[in-house]
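Every read-out reported here was derived from the displayed coordinates using simple, explicitly stated rules and does not represent laboratory data. What you see is a predicted model; the values in this text were computed from it and never measured. In this analysis, Cβ positions are derived from the backbone assuming ideal geometry, glycine residues included, and neighbour counts consider all displayed protein chains.
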Amino acid sequence: RIRKMFSFFLFLLFLLAYQIDVSVFASSVSLAHSLVKIRPDRGFSGKETISMFACRNEYESLQVVLDGPLDNVSVSVEVPWPCPRSPCYVIYRAEYINITEVSDCYGDLGLWPDPLIPHTDIFYNEQRDGFPINIPGKENRVIWIDLFVPPATTPGMFKGKITVTSPSLPKPVMFPYSVTVWKGTLPAVSSFVTEFDFLSTEAVKVHYGQPGNATVMLLLTQLYLQAAMMNRITLGNFLSSDEAIHSSHPIDWKSVEKHWEPFLSGINLPFGLQESVVTSIGVPTPFCHDFSTAEVSRYSIHGLSLTVQFNYKVK
């Protein structure tokens, strides 16, 4: 009888230890929706599961909140729907900017999440230095996850899983999430014409610390334009980064079209949207007179038309 009581006592200790482990998991790792700003030096209480809603051909995001101290944290994602074009998700580590001057009464000083460093770069499929993550005590860090619902996904509820591993945790932590996919399908291109300015010369200086050559400027602008199109917006003045626009007069339109043909007729973006096109194209002002009736007719194969302003827009 004493042996049975001792065995029962050990069993209770095992259950107690298991409960302690669970509480450790719950306090160290949690989930949050994408609309929450989580600052690294402020306390945050997340959730053990997340429910989301999305149309087909739509992106949806969530956050994994890690409370320190934790070392060498890694995250994996299980996507519950078929993914004909990889990837259907991207994992990022959030970085922070230090605000030293408040711009208005709604602002605040200190660290705010802003840059996102990918685990794997979507353009070149190269692993970056965002992971693993080390979190000091009394601070948190955020892992941002973008999901993409392919346009052929069957409507309904899908359940996926996020797994967090760290030597600081007794065992991997698994969090369930759900996405209810609606019947509607979002178009790959915005129905509104958008035209955001992009200074390719300044982008090159930020990336390389000095002005770049024509090839570097063209490539960097094409990458930024694809990133913008994944958010269904257009960098309307992208032509200004093309040396073919500036090197000859009249403009060598065959070379220009060679560089930008996929963006005019439909490009499969590296993550998510397919057959996406720009919605506006700004023409550098000194060359507007080069657009004759013949040029307008030639570009009409892409659904483009010339306006009376210094650009032409996709209908």
Dipole magnitude of region 78-152 about its Cα centre (Cβ charges: Lys, Arg +1; Asp, Glu -1), debye to nearest 20: 320
Whole-Å distance, taken between Cα centres, linking region 167-214 and region 233-284: 20
Reachable aspartates and glutamates from Lys183, criterion Cα separation under 20 angstrom, eight or more residues apart if same chain: Glu58, Glu60
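Which semi-axes, in whole Å and largest first, does the equivalent ellipsoid of region 148-214 have when worked out from the alpha carbon gyration tensor as the square roots of 5 times its eigenvalues? Mind dumping the intermediate values first?
Details: eigenvalues 290, 161, 13 Å².
Each semi-axis is the square root of five times an eigenvalue, giving 38, 28, 8 Å.
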Taking region 148-273 and dividing mean pair separation by its residue count, relative contact order in percent (alpha carbons under 8 Å, at least six apart): 21
For region 41-181, convex hull of alpha carbons as volume per residue, Å³: 142
Simple spin-label estimate for Ser74 and Thr201 in nanometres, 7 Å along Cα-Cβ: 4.5
Among Ser103, Thr201, Thr180 the positive-end extreme of the charge dipole of region 59-203 (Cβ point charges): Thr180
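Mind checking region 191-248 for chymotrypsin sites (Phe, Trp or Tyr not before Pro) that DSSP puts in a loop (not H, G, I, E or B) and that have at most 10 other Cβ atoms within 10 Å? Don't jump to the answer; show the numbers that get you there.
Numbers: sites: Phe192, Phe196, Phe198, Tyr208, Tyr224, Phe238; in loops: Phe192, Phe196, Phe198.
Here the sparse-neighbourhood loop sites are Phe192.
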Descending semi-axes in whole angstrom, ellipsoid equivalent of region 100-250, from the Cα gyration tensor: 35, 25, 18
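Give Lys47/Lys159; Lys37/Lys205; Lys47/Lys138; Lys205/Lys254 a once-over and call out the pairs whose C-alpha atoms are over 24 Å from each other.
Values: Lys47/Lys159 16 Å; Lys37/Lys205 30 Å; Lys47/Lys138 19 Å; Lys205/Lys254 29 Å.
Where the Cα-Cα span goes over 24 Å, the pairs concerned are Lys37/Lys205; Lys205/Lys254.
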